[in-house]
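To start, the structure under review is shown below, and the notes come after it.
The values are calculated or read from the model by the stated rules, or taken from the named source; none is laboratory data. Being a predicted model, the structure only gives us computed values, none of them experimental. Positions of Cβ are backbone-derived with ideal geometry, glycine not excepted, and every protein chain shown enters the neighbour counts.
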């Protein structure tokens, strides 16, 4: 920029000199032709000196910087057009959303690099508990973490191993399948695999679970978010929805399930199963070895004692003294009944036993343990 401005000013000075010389030549030519009005040489020189005095050559008011002064650097790139800017923002948002939604699961493949120690760089398989064997560092549990969360976890572990700095990069090369579980009054209860980072509609999940059992009249669902991450998912609070409309027709709510969600389907009809020969279904949740639906044929006594026998007993941390039985009447009103199952199991007396009805939900709470 400085060189270009100096060159322009020098060119203007040369033009001025040429103009002076031309005026002198013209004055001489007119004088030679005998023109009386022609200015003399002295008059031309006087006029030129006057012009120079009033407009001296040299640096202008906007003088350029010295030649050893660098040009002012460009502080930013030219702005994008509106369309290009919108496309860039969309692409960035999509990338962030995809990266943020993927979480590390068993059987994932991770690409890990540590700038301070390249010997740790490589591909790592995530084992069944969600951990990777990071070389001499040992196992690092990254279960259900995003790439950024995994980077922070590894960085913290390395700093705990006397790394002054730890520049860690984690990329999910292959994301394993995500899972949801459907249990209760469905034909094929179990775990359903979905794409990594995807969701599945409740209606689709019920279809993949074989649909509802014919005996599941007045069916409802309880959805426990991230229930697969808890050993006591059945006893946790969840979202409850009816699977029938007010006029009694099947109606599945528009609800999406995400990774690790658990769906419990249960019947609320007091007379359900009578058409099937009197079979009864009891949904058992909470602190038991195998939560789910337990069936009693028409020839079996359907009581709390016999249910306990089907369960094979209760874990030591189950509160058998405050087992809850949730039951709906024909008007759909739910009530809770407390049963002291410990007393029932102690003497086995029919007088202390509690009869169960088809569609009952039995919830076994956890026992409170005090350390003081």
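Structure notes:
- Selected residue (only one of 170, 140, 157 is assigned to a helix (DSSP H, G or I) and touching a helix residue (DSSP H, G or I) at 6+ places or on another chain (Cβ under 7 Å)): 157
- Residue in the range 328-349 that is more than 47 Å from the chain's Cα centre (by Cα), in a loop (DSSP other than H, G, I, E, B) and farther than 16 Å from residue 293 by Cα present: yes
- Residues in the range 257-278 that are out of contact with any helix residue (DSSP H, G or I) (no Cβ under 7 Å at 6 or more places or on another chain), at pLDDT 60 or above and within 30 Å of residue 228 (Cα to Cα) were compared, and the one that is surrounded by the fewest Cβ atoms within 10 Å (Cβ to Cβ) is 258.
- Selection over the range 321-363 of residues that are touching a helix residue (DSSP H, G or I) at 6+ places or on another chain (Cβ under 7 Å), surrounded by 19 or more Cβ atoms within 10 Å (Cβ to Cβ) and modelled with pLDDT of 90 or more gives a count of 6.
- Sole residue being in the same structural domain as residue 259 (by TED's automatic domain parsing) and over 19 Å from residue 258 (Cβ atoms), chosen from 127, 187: 187
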